[in-house]
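Notes follow the structure.
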Amino acid sequence: METPRERLLHLVVALPAEAHPLAERFRLKGLEGRGPWPVFEGEEMRLVVSGPGKVAAAAAASHLQGSFGAPKQIAWLNLGIGGCGDASLGEAFLAHKITDRASGKNYYPGLIFKPPCRTAVFLTVDQPEARYQGPEVYDMEASGFFEAACAFSTAELAHSLKIISDNRASPPQNVTRKQVEALIAARLEVIEAVIRQLLALGRELRSLHRDPAALEAFTERWRFTVTQERQLRRLLRQLQAIELKPEAARFSGCKAAGDVLSGLREELDSAAAREARG
Amino acid sequence: MFETVYVEEAIQGHPRAKAVLKRLAGATQVTCHHFGEVFNRKAQNFRLQKRRRALILAGKRGRLVLPAPAGYGLGSRRNFYFSHLLNCPYDCRYCFLQGLYRSAHLVLFVNYEDFFRALEEEIAEAGGGSEPPCFFSGYDCDSLALEPLTGFAAAFVPFFAARPRACLELRTKSVQVKGLLELEPARNCIAAFSFTPRPLHERHEEGVPSIPRRLEALVRLQERGWPVGLRFDPLLYLEGFEAVYRDFFAAVFDRVRAENLHSVSLGNFRLPRDIHWAMAGLYPEEKLFAFGLEEREGLVSYREAVVARLLDFCQEEISKYVPEEKVFRC
């Protein structure tokens, strides 16, 4: 069973209107006293409302990471509205490339699952854009979000999903709060499909890097330095990989953590010697 | 085959890039300035990427032909390698590429013409020396696994056939020999097939065609007159390895005509320290990396006594079928 500190998805949205349908669907509750950004939390995920813009998105993502100390295997999803000259209102797009227009820098989310919607290049701009020059999806957060998310996780687990709120026929000035809510609510199925994929990937990765079952029994009994604890974790994983179950009680004669590590190394060596003898 | 293809902007118009993109018309195309933006960036997970690898089309710049690492070769002292492809479509747990690269995506360098120029220079430099230079094409990849897409052998075999002073090794675990069968056999182009015994193949070589299918492909090439080689590298330790390897070699040499084999090479399981560390981190549950290994001079391998037993035993078994001068240790 996962502890509350292991919620494996962090959502970053710019607007409260984008957050509401998600909070309702995923039963997210507002957390009090969590700093300058509204934070919501559910069983499997957390959501932060960053405000518009790439800097705000990056800062809010960092806030979530900093406040909750999320593991490296957590998935990150930036969700919201965007504009696209050629797309229909309400269509969902996942980014396969994000270009920051101001810096010219490119980012490449790793699409390792079958996307439930079309994918596109996202162009992150600093001001709302009404002159849609290419087939890109225009947004204001993706580049900042992605750069921050990749500092905390891996590019395969960081994605940006946008629902088209404006196009050539319907400029961004016309978009109301109610419309934003309706656009997100109408695409909850696609959003949930992406979320499920990301949660599954996060869980898979997390299970590989979960602390060995016996770790706590050792760290409770002996005082390990940070380096020693890293060595302990590695030795316990190695023993686990060869199906040996190290028990802390067997080392009760050891006074110092270093002696325990030596004992565990000896166990590994004996196992190797047994196998080499055939 | 590939759902996403990244393409360097500069080579979008290259005929080979166009041909590959035409074959992968259903894939999402994403442009990039330089393949390293996708392939070499930090914050990516090799293991996750294997679920859905992308192809990256790029142009190779800098040094295209490099001296082979020490110990890599077939008797010649002038060994080089070049890589038209980085990474491999198969998933062999022991393969060092997993620890070498940050990304599991495959990079195809489409500018074969630049490789030809670089190879020509190396061959010219070798001149009429007593030892012909040998070029290895399967160091960073499988030479033939993507042949229908890359046309690598179709392009490079005629190049080497016209330069008989040099030799080319195509190293593979694939059964992609159709292209070679359509070409005239070239005496200086060796199709070298890598094998491990069945229990190890089943445990460690995901996606690799079965041993009988690969032996069939090798035999077809041999019958057509192609020089073929056998590569037993890495030799992996397992309990009762003697019986496993004895039976395995017997089965292999039952199919392969040993008398006109070009060469057999064998090498123990060894990884540079940093690469071993990266691989063990990717697969914390993998027994292969968990125990029985030790570091000697920067290389992680089995203990010396185990290496000696494994190599000596296998070499002795192979010598029952193949003359000594054709067997090389790597």
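The values are calculated or read from the model by the stated rules, or taken from the named source; none is laboratory data. No experiment lies behind these values; they were computed from the predicted model shown. Note that each Cβ is placed from the backbone with ideal geometry, even for glycine, and that neighbours are counted across all protein chains shown.
See the values below:
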item	result
Strands (runs of 3 or more DSSP E) contained in region A:76-164 and holding at least 2 residues modelled with pLDDT of 95 or more and either of a type in the set (A, V, I, L, M) or on the phi > 0 side of the Ramachandran plot (or both)	A:92-100, A:118-124
Residues being closer than 30 Å to B:Arg102 by Cα and of a type outside the set (Lys, Arg) - total across region B:239-295	28
Some residue of region A:20-27 being among the basic types (Lys, Arg), at pLDDT 95 or above and assigned by TED's automatic domain parsing to the domain that holds A:Leu161	yes
Output for region A:224-261, where each listed residue is of a type in the set (S, T, N, Q), within 28 Å of B:Leu238 (Cβ to Cβ) and surrounded by fewer than 13 Cβ atoms within 10 Å (Cβ to Cβ)	none
Residue match in region A:198-217 (condition: over 22 Å from the mean Cα position of the chain (by Cα) and within 12 Å of chain B (Cβ to nearest Cβ))	yes
Residue within region A:165-178 that is closer than 23 Å to A:Ala60 by Cβ, touching a Leu at 6+ places or on another chain (Cβ under 7 Å) and in the same structural domain as A:Asn106 (by TED's automatic domain parsing) present	yes
Positions within region B:62-90 being among the aliphatic types (A, V, I, L, M) and either within 29 Å of B:Arg51 (Cβ to Cβ) or touching a Gly at 6+ places or on another chain (Cβ under 7 Å) (or both), in sequence order	B:Leu85, B:Leu86
Top-ranked residue of region A:112-130 - restricted to ones that are in contact (Cβ under 8 Å) with a residue 40 or more places away in the chain and surrounded by 19 or more Cβ atoms within 10 Å (Cβ to Cβ), ranked as nearest to the other protein chains (Cβ to nearest Cβ)	A:Ile112
Region B:66-82, residues that are in contact (Cβ under 8 Å) with a residue 24 or more places away in the chain and either on the phi > 0 side of the Ramachandran plot or in contact with a Ser or Thr (Cβ under 9 Å, 6 or more places away or on another chain) (or both)	B:Gly71, B:Gly73, B:Leu74, B:Gly75, B:Tyr81, B:Phe82
Members of region A:30-52 found to be at pLDDT 95 or above and at positive phi, listed by number	A:Gly51
Residues of region B:20-65 satisfying the condition of being hydrophobic (A, V, I, L, M, F, W, C), more than 9 Å from chain A (Cβ to nearest Cβ), touching a residue at least 12 places away in the same chain (Cβ under 8 Å) and not in a strand (DSSP E or B)	B:Val20, B:Leu21, B:Leu24, B:Ala27, B:Phe35, B:Phe39, B:Phe46, B:Leu64, B:Val65
Members of region B:255-266 found to be in contact (Cβ under 8 Å) with a residue 24 or more places away in the chain and either of a type in the set (Lys, Arg) or assigned to a helix (DSSP H, G or I) (or both), listed by number	B:Arg255, B:Arg257, B:Ala258, B:Asn260
Members of region A:9-63 found to be surrounded by fewer than 17 Cβ atoms within 10 Å (Cβ to Cβ) and assigned to a strand (DSSP E or B), listed by number	A:Lys29, A:Gly30, A:Leu31
Test: residue in region A:84-93 that is in the same structural domain as A:Ala151 (by TED's automatic domain parsing), under 15 Å from the mean Cα position of the chain (by Cα), crowded, with 18+ Cβ neighbours inside 10 Å and touching a residue at least 60 places away in the same chain (Cβ under 8 Å)	no
Among residues of region B:1-19, those that are under 24 Å from the mean Cα position of the chain (by Cα), more than 13 Å from chain A (Cβ to nearest Cβ) and under 23 Å from A:Ala120 (Cβ atoms), counted	2
Members of region A:239-253 found to be hydrophobic (A, V, I, L, M, F, W, C), under 23 Å from B:Glu285 (Cα atoms) and either in contact (Cβ under 8 Å) with a residue 40 or more places away in the chain or more than 14 Å from every other protein chain (Cβ to nearest Cβ) (or both), listed by number	A:Ala248
Residue within region B:67-77 that is within 16 Å of B:Asn111 (Cβ to Cβ), polar (S, T, N, Q) and more than 14 Å from every other protein chain (Cβ to nearest Cβ) present	no
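Residue by residue, here is whether (1) under 30 Å from B:Glu285 (Cβ atoms); (2) within 15 Å of the chain's Cα centre (by Cα) holds:
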position	(1), (2)
B:His84	no, yes
B:Cys92	yes, yes
B:Ser103	yes, no
B:Glu113	no, no
B:Ile123	no, no
B:Gly127	no, no
B:Pro132	no, no
B:Leu149	no, no
B:Phe152	no, yes
